[in-house]
Amino acid sequence: MKIHFTYILFFILFTANTFAQKLELYTNDGKEEYLGCLNCDAKDANSIWNSYGNYGNLYSQKSIWNKYGIFGDQTSSYSPWNIHADNPPIVKKDGVMYGYFTTNKHFVGKRVEVELTKMLFDYYLDIKEDPSKWNKNHDVAKSKEITKSKEAPKLKETVKK
């Protein structure tokens, strides 16, 4: 189940990254400090999926994955993972407020409800353990797809004989 979810998540990430504008996270503390790009590629320095960057690192103060930080702690009012958060991160698209990134159901209608965020809300506990492993599984899935596409012509040749 977890592997199946991983493939779906990264298909959505890839699709969202390819066809949509960037969804960027900002603090909701009156300062609106940058917290990273929600749908950027894992190699992007600003991506929340880049475990070596400021926004995807498990220990960075600006990371939603830092369970001890103000933006990743499940009890923090500024964390998307707190189901009672009053000040969850703001999502901006093209520099304009698009909604809130939060598991708090009282923000329904105000929170960003795209496929990516819906999955993150459902599976964030698994992802929070190590966001980088989701990126590694995506690379494995891509290599399997490439291998399958290379094997397909050989199969057709065999059938013709």
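Tabulated data for the structure shown
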read-out: Residue in segment 68-85 that is open to solvent by 30 Å² or more (accessible area, probe 1.4 Å), at pLDDT below 95, of a type in the set (S, T, N, Q) and farther than 13 Å from residue 131 by Cβ present; value: yes
read-out: Residues of segment 46-76 classified as touching a Cys at 6+ places or on another chain (Cβ under 9 Å) and among the small types (Gly, Ala, Ser), total; value: 1
read-out: Of residues in segment 43-63 being under 22 Å from residue 94 (Cβ atoms) and aliphatic (A, V, I, L, M), the one modelled with the lowest pLDDT; value: 48
read-out: In segment 43-85, the residues that are of a type in the set (Gly, Ala, Ser) and either touching a residue at least 24 places away in the same chain (Cβ under 8 Å) or in a strand (DSSP E or B) (or both); value: 47, 51, 56, 63, 72
read-out: Residue 26 at pLDDT 95 or above and in contact with an Asp or Glu (Cβ under 9 Å, 6 or more places away or on another chain); value: yes
read-out: Unmet requirement for residue 90, which otherwise passes all of (1) modelled with pLDDT of 95 or more; (2) in contact with a Gly (Cβ under 7 Å, 6 or more places away or on another chain); value: (2)
read-out: Residue list for segment 86-128, filter: over 17 Å from residue 55 (Cβ atoms) and in a helix (DSSP H, G or I); value: 105, 106, 107, 115, 118, 119, 121, 122, 123, 125, 126
read-out: Test: residue in segment 96-110 that is closer than 17 Å to residue 38 by Cα and polar (S, T, N, Q); value: yes
read-out: Failed item, numbered, when residue 61 is tested on (1) closer than 19 Å to residue 110 by Cα; (2) open to solvent by 50 Å² or more (accessible area, probe 1.4 Å); value: (1)
read-out: Selection status of residue 46, farther than 14 Å from residue 128 by Cα and either out of contact with any strand residue (DSSP E or B) (no Cβ under 9 Å at 6 or more places or on another chain) or not aliphatic (A, V, I, L, M) (or both); value: yes
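The values are calculated or read from the model by the stated rules, or taken from the named source; none is laboratory data. Just so it is clear, the structure is predicted and the values come from calculations on it, not from any experiment. Cβ coordinates were reconstructed from backbone atoms using ideal geometry, including for glycine residues, and neighbour counts include every protein chain displayed. The area values use the complete protein model at the heavy-atom level, side chains included, leaving out ligands, DNA and RNA. Shrake-Rupley method; radii C 1.70, N 1.55, O 1.52, S 1.80 Å.
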